[in-house]
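Everything below concerns the one structure shown next.
The values are calculated or read from the model by the stated rules, or taken from the named source; none is laboratory data. Since the structure is predicted, the reported quantities are computational estimates derived from the model, not experimental observations. Cβ atoms come from the backbone with ideal geometry, glycine included; neighbour counts cover every protein chain shown. The protein model used for the area step is the full one, side chains on, heavy atoms only, and it has no ligands, DNA or RNA in it. Shrake-Rupley method; radii C 1.70, N 1.55, O 1.52, S 1.80 Å.
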Amino acid sequence: TGASGAIWASLMVTALAWPHTTVTLVFLPFFPISIGSGVFGLVALDIVGLIRGWRFFDHAGHLGGAAFGAAYYYYGPACWEWWRRQAKRMSPSSRQGRETD
């Protein structure tokens, strides 16, 4: 389930970044759809599967991956920038200028 959650996160980020990009699914090779519509449909299918208790796929893992992908798309750059500022502030080279005798 870990790999499918990561794939779902990647799909969600791609769908949010380029929602009008068309994709063609393997089992429907001559029917292109927008990736936004495709991911929306698959998320809806996983929600139904989770509610109905279907056990064929790990629906919670897929939805968790999709939620992480959406959160990363919207908040990821700001989080990374915050971590960079914190790491820079805590680095030994930045502390040398602040130490006093």
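Before moving on, here are some points about what is shown:
- Selection from the stretch 12-50 of residues that are within 21 Å of A70 (Cα to Cα) and open to solvent by 60 Å² or more (accessible area, probe 1.4 Å): W18, H20, T21, T22, S37, F40, L42, L45, I47, V48, L50
- Taken over the stretch 36-64, the criterion of being among the charged types (D, E, K, R) and either assigned to a helix (DSSP H, G or I) or in contact with a His (Cβ under 9 Å, 6 or more places away or on another chain) (or both) is satisfied by D46, R52.
- Cβ-Cβ distances below 7 Å connect the following pairs, each with a first residue in the stretch 69-92 that is within 18 Å of A17 (Cα to Cα) and touching a residue at least 24 places away in the same chain (Cβ under 8 Å), a second residue that is surrounded by 10 or more Cβ atoms within 10 Å (Cβ to Cβ) and small (G, A, S), and a separation of six or more residues or different chains: G69/A9; G69/S10; Y72/A9; Y73/A17.
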